[in-house]
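Below is one structure, written out as structure tokens, with a few remarks after it.
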Amino acid sequence: MVHFPDEFPIDEVAKEMLVAVIEKKKKWERFEKRVLLLQAAAFSGLAIFLLYLLAKAAAFETWGERIAWFFAAPAHVFILLLLGTVYWAAVYYKGKSEKAEDDFHALRCEIIQKSIDLWKDEEQWSRRHRLFEWMKREYDINLYYEQS
């Protein structure tokens, strides 16, 4: 739950929009972390598996023997399928991450465009910049410019 300091008098509509943009940013960051973790797992697992294969396959003289040895152990195929699944999961979450990023930026831009309507009276408008600075400092959300 987001708690806005009392020095920022904002109405419920603005508060709901700000809470929503914070939640969308957190969701996007969670997906980004998941993608990086899965990519790291897939690529490091593949590197280790390839090093293992290179070390063991060097004992065989022909490619036919190496391929027969590879498929003789069901664990090799299982490991390849596992690595493929981890990589597929990284691609899947990358798509979800890009959608979450688009949703976040769309809402952020909507808040910027509707600033005049959200902070109507003179006092709210004059204090708006402190709220924007707080959002930037606490959540790394820029509400000054649409391009960031």
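The values are calculated or read from the model by the stated rules, or taken from the named source; none is laboratory data. Just so it is clear, the structure is predicted and the values come from calculations on it, not from any experiment. In case anyone asks, the SASA skips ligands and DNA or RNA and just uses the protein heavy atoms, side chains included. Shrake-Rupley method; radii C 1.70, N 1.55, O 1.52, S 1.80 Å.
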In whole angstrom, note down how far apart the Cα centers of the range 64-108 and the range 34-50 are.
9
When the Debye formula is applied to the Cα atoms of the range 1-97, each taken as the same point scatterer, what base-10 log of I(q)/I(0) results at q = 0.13, 0.19, 0.20, 0.23 Å⁻¹?
-0.64, -0.92, -0.96, -1.09
For SER44 and PHE71, calculate 0.36 nm times their separation in residues minus their Cα-Cα distance, and state this gained length in nm to one decimal.
7.5 nm
Cα-derived Rg to Rh of the range 59-142, Kirkwood definition:
1.50
As I understand it, the value is the acute angle between the Cα axis of helix 74-113 and the longest principal axis of the Cα atoms of the chain; what does it come to in degrees, rounded to 10?
10
The range 1-133 - accessible surface per residue (Å², probe 1.4 Å)
67
Students often get this wrong, so check it: of LYS15/LYS96; LYS26/LYS94; LYS27/LYS120, which have C-alpha atoms separated by over 24 Å?
LYS15/LYS96; LYS27/LYS120
If you roll a 1.4 angstrom probe over the protein chains with everything in place, what fraction of the accessible area of the range 38-148 belongs to carbon and sulfur, to the nearest %?
62
Return the single residue from LYS99, LYS24, LYS56 with maximal mean-square fluctuation; model: Gaussian network over the chain, springs between Cα atoms under 10 Å.
LYS56
Relative contact order (percent, whole number), the range 1-118, Cα cutoff 8 Å, 6+ residue spacing
51
Pop out the ³J(HN,Hα) list for the range 12-27 in order, Karplus 6.51 cos²θ - 1.76 cosθ + 1.60 with θ = phi - 60°, rounded to Hz; leave Gly and Pro as x.
5, 5, 5, 4, 4, 5, 5, 5, 5, 5, 5, 5, 5, 5, 5, 4
